Amino acid sequence: SVIAQGGGVGIERDAGDAADAHARGLELHAWLNPFRAATNASLPLAPTHVATRLAEHAHLYGTTVTMDPGSPAVRDHVVAVVRDIVSRYDVDGVVLDDYFYPYPIAGTPYPDDATYADYQAGGGSLSRSAFRRANVDAFVHAAHLAIRAARPGTRWVRHYDDALLVDMRSGMIR
């Protein structure tokens, strides 16, 4: 999007959007796709884009660019973005959509060999699927803590996905 690329309209207009929404009795929720960097991998990315700045953790997968949830740098970046939004804007809620590894593409494994190898080199012994679940759990929990610390009353929701259920009180996947 234009906002994600760091130009154009910009997110700063949301400060007025929150006031307008609240004046009308509406809530304003920030909607994020935390690990989706680009829906069209053929489009150029700005130098400030996360997939450019953390290029070693940006993976072409199908026609999209995704950020590797197994990378602590990626998870830390997304949590910092969530914290920044909740701290600076009068949003009533944060909605996470696609806060997991991408859906599998037949015959194409997700390219997270490097982060899995780093995990194993550090003594990790989980299977790849358990490693991935642990990474998503760690992200959800860190995002939960950041939201609660920055603005305790903020609604903390996730877009419906029947494969994952998140306990929004604890921030853990169940």
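The values are calculated or read from the model by the stated rules, or taken from the named source; none is laboratory data. Since this is a predicted model, take the numbers as computed values, not measurements. Here the Cβ positions follow ideal geometry from the backbone for every residue, glycine too, while neighbour counts run over all protein chains shown. Remember, those area values only see protein heavy atoms, side chains included, never the ligands or the DNA or RNA. Shrake-Rupley method; radii C 1.70, N 1.55, O 1.52, S 1.80 Å.
For the reader, a short list of remarks on this structure follows.
- Probe 1.4 Å - accessible area at residue 88, Å² to nearest ten: 130
- Filtered chymotrypsin sites (Phe, Trp or Tyr not before Pro), region 125-157: DSSP coil and at most 16 other beta carbons within 10 Å: none
- Segment residue 90-residue 39, extension gain: residue separation times 0.36 nm, minus the distance between their alpha carbons: 15.6 nm
- Taking a quarter of the surface of the Cα convex hull of region 76-142 gives a mean projected area of 5.7 nm².
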